[in-house]
Amino acid sequence: MIPYGRQDIIQADIDAVVEVLQSDFLTQGPMVPRFEEAVSAKVGAKHALAVNSATSALHIACMALGLEQGDWLWTTPVTFVASANCGLYCGARIDFVDIDPRTYNLCPLALEEKLIAAERAGILPKVLVAVHLSGQSCDMQAIYALSQRYGFKIIEDASHAIGGKYQGEYIGNCRFSDITIFSFHPVKIITTAEGGMALTNSDQLAKKMNLHRSHGITRDQSLMTHPSDGPWYYQQVELGYNYRMTELQAALGMSQLTRLDRFVARRHELAKRYDELLTDLPVTTPWQHPDSYSGLHLYVIRLQLEMINQTHRQVFEALHAAGLGVNLHYIPVHTQPYYQRMGFNAGDFPEAERYYAEAISIPLFHSMTDVQQEEVIQILDKVLS
Ligand SMILES: *Cc1c(COP(=O)(O)O)cnc(C)c1O
């Protein structure tokens, strides 16, 4: 089986983790801050906070932005459920903005329309989660301009996009957002097993996220209500969680980070080859905006079903049976039972649903060989013709 994605672990990664295992600190030592500094320097953000998952990063980001009961969070329906669930954790309500049929990202025109209607109804969102699907940046300049006009905060869910660029700069620098989050799950571009990170240029948001990832406890005198009782002293000033990343994970992340650019470059080589080799098949290959240098976490094809004598499901099953670990990213969140119970219905976001009816993620990972890629093409060719 050729998987749709997989991690790359080399001896240097293993050595880095073993070294930490033999050191004094398994958690709350020097590796996590080192990893944070390395990522923030790499992408050009002032602060980076490592946590145990991107889901946790989304949660502390929402909390730091003050999202709470009575507020609204908007995001795209074509994402992993975590991009929306983070709002529910804070007691906020969720709504979705339909996708652009070319990039499959949240559509800025649909966003503007929805904002105009929401302003009239007096229910503007407090937070927008912009998801860079497959690693291609959303149209952040347009989204940022709307945030200035309508007063919402922006979280970039860049779980797919570390190592990618927007307008020539690394995604994660928060030029057009308040906070950007990365995921280091093994299927993503670099991994720490489980893990995530929140980046920001705001000192205040960084301070808040730092509190929220560790019980709301601080040793920072400037955050305390009265002078310290002594060297042992700390205060709990907020209700936080234990979302900390371990030293082992940070060591693995540091080691992986040194190969990030190579990983993404190889993904581009493979994607370019797919673009060329798939031209004669009845599929739509991923369109890339000229402002985007994608992280290319995924390579999503859309079936031109009118030209194929099989259903989407039949094609998917035939590819699987032939040894391709294909996948589908994503089932539109508003069609999940949990969200349907909040009142969403099939038909609410037609572009997202059309995408879901045609999309298949085919194998793409940077250690994929040319031979493996040819095998993928041959199988696609056989199944689709
Ligand atoms: C993977 C993913 C997440 C969650 O990441 P974890 O690190 O597994 O919590 C959130 N959003 C998107 C778009 C993802 O792909």
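Within this structure, A54 fails the test of being within 22 Å of I189 (Cβ to Cβ) and more than 9 Å from the ligand (Cβ to nearest atom). Looking at segment 81-105 only, could you name the residues that are within 16 Å of H132 (Cβ to Cβ) and touching a Phe, Trp or Tyr at 6+ places or on another chain (Cβ under 8 Å)? A84, V97, I99, R102, T103, Y104, listed by residue number. Scanning segment 322-354 for residues that are under 23 Å from L303 (Cα atoms), open to solvent by 70 Å² or more (accessible area, probe 1.4 Å) and in contact with a helix residue (DSSP H, G or I) (Cβ under 9 Å, 6 or more places away or on another chain) turns up I331, A346. Against the numbered list (1) in contact with a His (Cβ under 7 Å, 6 or more places away or on another chain); (2) surrounded by 13 or more Cβ atoms within 10 Å (Cβ to Cβ), T284 comes up short only at (1). Residue selection: L252 satisfies the criterion of being open to solvent by 20 Å² or more (accessible area, probe 1.4 Å), within 30 Å of D178 (Cβ to Cβ) and out of contact with any Phe, Trp or Tyr (no Cβ under 8 Å at 6 or more places or on another chain). Condition check for D24 on (1) more than 16 Å from the ligand (Cβ to nearest atom); (2) over 22 Å from T246 (Cβ atoms): one failure, at (2).
Please go through segment 57-96 and give me each residue that is touching a Ser or Thr at 6+ places or on another chain (Cβ under 9 Å), away from the ligand (no atom under 15 Å from the Cβ) and of a type outside the set (D, E, K, R), ordered by number. Scanning segment 57-96 gives a single hit, A64. Comparison of H268, H297 shows that the only residue that is within 30 Å of M31 (Cα to Cα), modelled with pLDDT of 95 or more and either out of contact with any strand residue (DSSP E or B) (no Cβ under 6 Å at 6 or more places or on another chain) or surrounded by fewer than 16 Cβ atoms within 10 Å (Cβ to Cβ) (or both) is H297. Of all residues in segment 308-320, those that are among the small types (G, A, S) have Cβ atoms under 9 Å from Cβ atoms of residues that are assigned to a loop (DSSP other than H, G, I, E, B), 6 or more apart or on another chain, in A318/Q310. Taken over segment 27-43, residues that are in contact with a strand residue (DSSP E or B) (Cβ under 6 Å, 6 or more places away or on another chain) and not in a helix (DSSP H, G or I) amount to 1. When the residues of segment 223-249 are filtered to those that are among the hydroxyl-bearing types (S, T, Y) and over 25 Å from L26 (Cβ atoms), the one that is least open to solvent (accessible area, probe 1.4 Å) is S228. Taking the condition within 30 Å of T75 (Cβ to Cβ), surrounded by fewer than 17 Cβ atoms within 10 Å (Cβ to Cβ) and more than 16 Å from the ligand (Cβ to nearest atom), does R313 pass? Yes: the conditions hold for R313. Considered as a group, the residues in segment 54-74 that are part of a loop (DSSP other than H, G, I, E, B) and farther than 30 Å from G168 by Cβ include one that is most open to solvent (accessible area, probe 1.4 Å), and that residue is Q69.
The values are calculated or read from the model by the stated rules, or taken from the named source; none is laboratory data. Owing to the predicted nature of the structure, the values given are computational and were not obtained by experimental measurement. Every residue, glycine among them, receives a Cβ derived from its backbone with ideal geometry; neighbour counts consider all protein chains shown. The protein model used for the area step is the full one, side chains on, heavy atoms only, and it has no ligands, DNA or RNA in it. Shrake-Rupley method; radii C 1.70, N 1.55, O 1.52, S 1.80 Å.
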